[in-house]
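Chemist: Right, I'll just put the structure down here and ask away after.
The values are calculated or read from the model by the stated rules, or taken from the named source; none is laboratory data. Quick caveat, the model's predicted, so the values are computed rather than measured. Methodologically, a virtual Cβ is constructed for each residue, glycine included, from the backbone with ideal geometry; neighbour enumeration extends over all protein chains shown. Surface areas here come from the heavy atoms of the whole protein model, side chains and all, with no ligands, DNA or RNA. Shrake-Rupley method; radii C 1.70, N 1.55, O 1.52, S 1.80 Å.
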Amino acid sequence: MTDLNRRDILGLAATAGLASTFFSPLTAFADEKELVIGGSIPLTGVFAFAGVAIEAGISDFVKITNEAGGVAGRKLRLAYEDTAYKVDQSVAVFNKLTTQNDIHLYYGDSTGFAKTINEELNRRGTILMAGASFGSELNNPEKYPFQFMAGPDYVEMIAILLEYIAKEQKGAKIVFVNSDTEFGRDPIEASVKRAKEMGLEVVGQIVTPPTAVDVSTEILKLRRANPDFTIFHGYVLAPLPEFLSQAKQLGLKSRFMGTFWSMDNSLWANVGAPADGFMGVMPYRYYYDTAPDAPILEKIRKLRPTYQATGYMQGFLTAMLMTEAARRTLQAGKALDAKNLKAALNTIKDFDTGGIIGVPISIPGNSVPVGRIYSYSAADKQMKPASDWISLKK
Amino acid sequence: MRIATAKETYIADEGLLTTNTQRAWMIVLALVLALAPFVLNAYWLYLACLVAINVASATGLNILTGYTGLVSLGQAAFMAVGAYAVAFLDGHLGTPFLLNILAAGLIAAAVGVLVGVPSLRVKGLYLAIATIAASFILHFVFTNWVSVTGGMSGVNVAPARLFGIELASPFALYFVIVPVTALMVLGAANLFRTRIGRAFIAIRDRDISAEVLGIPLLQYKLMSFALSSFYAGVAGGMWAYFFRVVTPESFPFATSIFFLAAVIVGGLGTILGPILGAAFMTLVPELLKYVVEWLGPVFPNAGAALSPVRTIVFGALIIFFLVFEPQGLAEIVRRVRRFFHLWPFKT
């Protein structure tokens, strides 16, 4: 092989590249003393804004935990890949990472993925999964025995809003506005029922396309209904600012509210004046919260001096809770399988999250039904607490 | 070098595989496909099944767009029809797995015929818009026909069973999905050796001339839509058994664009084109992830920082192929084969 020409070299390089691509997974198995968190995380695509923050949150939690000695003697490691928020890619990442690593904890990126992979989780029985979805369907320990969410599900989020409304104004009139997606429709039916049970009057329901820009007809419907509160769900930002500014121009008295994914502070800071007074439910404290009982936020601010989005807190807390389940399982001398991990997770009672959530939390099922109402102040460019922490009673 | 390939009969001349070299390579391919599940790990098997499903659907679209010249952006919706058909038949009637997949194809074909009706009056971009409209109507049906489709939350599909064996893992499903896709590709290759296939090509090249030649346009255009949708339906059916949950968001509009891009990148109007195109479109984003992984040691936080670059590279690769190889990846393969026809006398 002394007379290699350029083509031969290219050919050899390509073969070597392909060979290493195919066979590297077989050789990269994890160290025994590791605890790997796998992740199908959307770093590109429509949900990238959250995915990037989630990755940062989980990575920081891993760093802080390892600096403190790891989990029951094991070092934590995050193994993740981008999914572009597509279910088939999320499943591909799941298959890839679980082939390459010994994974018992997993972060999934969407309701669609959580539903798709559920049968596989049940079949394997080795992985406890949580993720970016707060879909109410997942809050069913019988159907989704090895999954959980680090916050209230969407129905519970709106229930927290309704509790606040009922306390503020008895018999208030409410309109629900949701996007025509699985995400948007998720809590509406149950929430309408709940509102009526709580003595609140649902005077309208508006459904818009997820990326609606022109909302003038919807605003007219809103004006006719003339609600005291308008609850949005199934959006991140658009078309909420358009709704808010047009409603202000028309002099509507309604107060506007949203759920977790539309509550990021930086989103509203760019909207400016029309955002003033926008409220919503938030299961976690904001990055800038200097409450004395939130030492972990102080640590986070030292690690990252600039504002971190709400997805960061979500990722951080999810990693914290799944790691706590692993810690309890290992300390009890049990095998790290899904059944033991979930059982350990469900033993979490009055748990201190270091201040990410302002009250001690318990996870009796698949969710953490706690949240707080925040309201945006355009003058301070910040979401400010408008209520105390609200824990839903089952 | 290619020698001794003179044909003595018309049948030999029309054969799918005309030389011993071709036959030998085909046997090698069949052996590789048969042995692959025993060598590949779960991740690559998953991708192999996904590629096979996408190849089936892209081959169908190629019959319609590549061979008949009718642009369609409804392929994802037809796949969804197939997937829902499987979910319904499996969940409500409990009919056998392979029958469900066949029925999914037939139901999708029936819907395809309906969607294809405007093709007699409109073509090109206008037809593309008509198929987009049809896919939005179908999406509405999937969302609101709750008793059949389960509405927004969709329906779960039980694992496929064949002769009492549960086909739940990619390893097990591979042995059904890949042979079914191979059969479908073989069917498509044979189609263009028949009157029907040639009529499709005649319509693509000049529909008025085709009509003058005695080809009833409506019948053949609808037949092309039916065949294409049948392929999509079967692919959708296999998809449903593969992912085991079908929701209206399982087949977004972008999936239709994905298939059209796969057919164009692979090579319109060739059998090899959609195979290469679907493999390219499915595998390249995954392979690019390895590049990101390799850069990990030299580039801090490579996963988060380079993922957007990866999508740009993928887009750039598509543009690169369209500019430098407008006939698609199939043309590259053809060129390589031509090179070996003369090798070693001319290189």
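Chemist: What is the one condition in (1) within 14 Å of chain A (Cβ to nearest Cβ); (2) more than 20 Å from B:SER256 (Cα to Cα); (3) touching a residue at least 40 places away in the same chain (Cβ under 8 Å); (4) open to solvent by 60 Å² or more (accessible area, probe 1.4 Å) that B:ASN144 does not satisfy?
Modeler: Of (1) within 14 Å of chain A (Cβ to nearest Cβ); (2) more than 20 Å from B:SER256 (Cα to Cα); (3) touching a residue at least 40 places away in the same chain (Cβ under 8 Å); (4) open to solvent by 60 Å² or more (accessible area, probe 1.4 Å), only one is false for B:ASN144: (3).
Chemist: If only one of B:ILE101, B:ILE53 is over 21 Å from B:THR270 (Cα atoms) and of a type in the set (Val, Ile, Thr), which one is it?
Modeler: From the options B:ILE101, B:ILE53, the qualifying one is B:ILE101.
Chemist: Let me ask something else. Give the range A:182-202 a look and list any residue that's surrounded by fewer than 21 Cβ atoms within 10 Å (Cβ to Cβ), of a type outside the set (A, V, I, L, M) and under 24 Å from the mean Cα position of the chain (by Cα), or say none.
Modeler: Scanning the range A:182-202 gives A:ARG185, A:GLU189, A:ARG194.
Chemist: Within the range A:86-114, track down each residue that is within 10 Å of chain B (Cβ to nearest Cβ), among the charged types (D, E, K, R) and open to solvent by 10 Å² or more (accessible area, probe 1.4 Å).
Modeler: The answer is A:LYS86, A:ASP88.
Chemist: Can you tell me which residue is surrounded by the fewest Cβ atoms within 10 Å (Cβ to Cβ) among those in the range B:242-294 that are modelled with pLDDT of 90 or more and of a type in the set (Phe, Trp, Tyr)?
Modeler: Of everything passing the filter in the range B:242-294, B:PHE253 is surrounded by the fewest Cβ atoms within 10 Å (Cβ to Cβ).
Chemist: From the residues in the range B:151-170 that are surrounded by fewer than 17 Cβ atoms within 10 Å (Cβ to Cβ) and not in a loop (DSSP other than H, G, I, E, B), which one is nearest to the other protein chains (Cβ to nearest Cβ)?
Modeler: Of everything passing the filter in the range B:151-170, B:GLU166 is nearest to the other protein chains (Cβ to nearest Cβ).
Chemist: So which of A:GLN382, A:GLN308, A:GLN314, A:GLN331 ends up being closer than 30 Å to A:PRO241 by Cα, surrounded by fewer than 23 Cβ atoms within 10 Å (Cβ to Cβ) and polar (S, T, N, Q)?
Modeler: A:GLN382
Chemist: Of all residues being hydroxyl-bearing (Ser, Thr, Tyr) and touching a residue at least 60 places away in the same chain (Cβ under 8 Å) in the range A:257-285, which is farthest from A:GLY57 (Cα to Cα)? Just the residue, please.
Modeler: For the range A:257-285, the residue satisfying everything is A:THR259.
Chemist: For the range A:205-227, which positions are more than 28 Å from the chain's Cα centre (by Cα) and either under 24 Å from A:ASP153 (Cα atoms) or of a type in the set (S, T, N, Q) (or both)?
Modeler: Passing the criteria: A:SER216, A:THR217, A:ASN226.
Listed here are the residues, each with its yes/no results for (1) more than 30 Å from B:ARG204 (Cα to Cα); (2) open to solvent by 10 Å² or more (accessible area, probe 1.4 Å); (3) part of a helix (DSSP H, G or I).
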site	(1), (2), (3)
B:PHE38	yes, yes, yes
B:LEU47	yes, no, yes
B:LEU89	yes, yes, yes
B:ALA103	no, yes, yes
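Listed here are the residues, each with its yes/no results for (1) of a type in the set (Val, Ile, Thr); (2) within 24 Å of the chain's Cα centre (by Cα); (3) modelled with pLDDT of 90 or more.
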{"position": "B:ARG121", "(1), (2), (3)": "no, no, no"}
{"position": "B:LEU125", "(1), (2), (3)": "no, yes, yes"}
{"position": "B:ALA128", "(1), (2), (3)": "no, yes, yes"}
{"position": "B:HIS139", "(1), (2), (3)": "no, yes, yes"}
{"position": "B:TRP145", "(1), (2), (3)": "no, no, yes"}
{"position": "B:VAL148", "(1), (2), (3)": "yes, no, yes"}
{"position": "B:PHE163", "(1), (2), (3)": "no, no, no"}
{"position": "B:LEU167", "(1), (2), (3)": "no, yes, no"}
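Chemist: Please work out if B:THR65 is open to solvent by 80 Å² or more (accessible area, probe 1.4 Å) and not acidic (Asp, Glu).
Modeler: Considered against the rule, which asks whether it is open to solvent by 80 Å² or more (accessible area, probe 1.4 Å) and not acidic (Asp, Glu), B:THR65 comes out as no.
Chemist: Looking at (1) open to solvent by 10 Å² or more (accessible area, probe 1.4 Å); (2) among the aromatic types (Phe, Trp, Tyr); (3) more than 14 Å from chain A (Cβ to nearest Cβ), can you tell me which one B:PHE225 breaks?
Modeler: (1)
Chemist: Taking the stated definitions as given, is B:VAL51 crowded, with 24+ Cβ neighbours inside 10 Å and in contact (Cβ under 8 Å) with a residue 12 or more places away in the chain?
Modeler: In short, no.
Chemist: Would you mind finding the one in A:GLY57, A:GLY45 that is surrounded by 12 or more Cβ atoms within 10 Å (Cβ to Cβ), on the phi > 0 side of the Ramachandran plot and at pLDDT 55 or above?
Modeler: Exactly one of A:GLY57, A:GLY45 is surrounded by 12 or more Cβ atoms within 10 Å (Cβ to Cβ), on the phi > 0 side of the Ramachandran plot and at pLDDT 55 or above, namely A:GLY45.
Chemist: Right, something else. How do the helices (runs of 4 or more DSSP H) wholly within the range B:207-320 filter down when requiring 1 or more residues that are among the aliphatic types (A, V, I, L, M) and within 12 Å of the chain's Cα centre (by Cα): which remain?
Modeler: B:217-243, B:253-266, B:272-294
Chemist: So which helices (runs of 4 or more DSSP H) are wholly in the range A:246-332 and hold at least 3 residues that are assigned by TED's automatic domain parsing to the domain that holds A:TYR376 and either on the phi < 0 side of the Ramachandran plot or in contact with an Asp or Glu (Cβ under 8 Å, 6 or more places away or on another chain) (or both)?
Modeler: A:265-271
Chemist: Do the conditions hold for B:TYR84, that is, is it within 14 Å of another protein chain (Cβ to nearest Cβ) and either open to solvent by 10 Å² or more (accessible area, probe 1.4 Å) or assigned to a helix (DSSP H, G or I) (or both)?
Modeler: Considered against the rule, which asks whether it is within 14 Å of another protein chain (Cβ to nearest Cβ) and either open to solvent by 10 Å² or more (accessible area, probe 1.4 Å) or assigned to a helix (DSSP H, G or I) (or both), B:TYR84 comes out as no.
Chemist: Of (1) open to solvent by less than 60 Å² (accessible area, probe 1.4 Å); (2) within 13 Å of chain A (Cβ to nearest Cβ); (3) under 21 Å from B:MET79 (Cβ atoms), B:ALA305 satisfies all except one. Which?
Modeler: All conditions pass for B:ALA305, except number (3).
Chemist: Would you check which residues across the range A:189-233 are at positive phi and in contact (Cβ under 8 Å) with a residue 40 or more places away in the chain and list them?
Modeler: A:ASN226
Chemist: Which of the residues that make up the range A:39-81 are aliphatic (A, V, I, L, M), away from every other protein chain (no Cβ under 11 Å) and part of a loop (DSSP other than H, G, I, E, B)?
Modeler: A:ALA68, A:ALA72
Chemist: What is the one condition in (1) open to solvent by less than 10 Å² (accessible area, probe 1.4 Å); (2) farther than 21 Å from A:ASP109 by Cβ that A:ILE296 does not satisfy?
Modeler: For A:ILE296, the failing item is (1).
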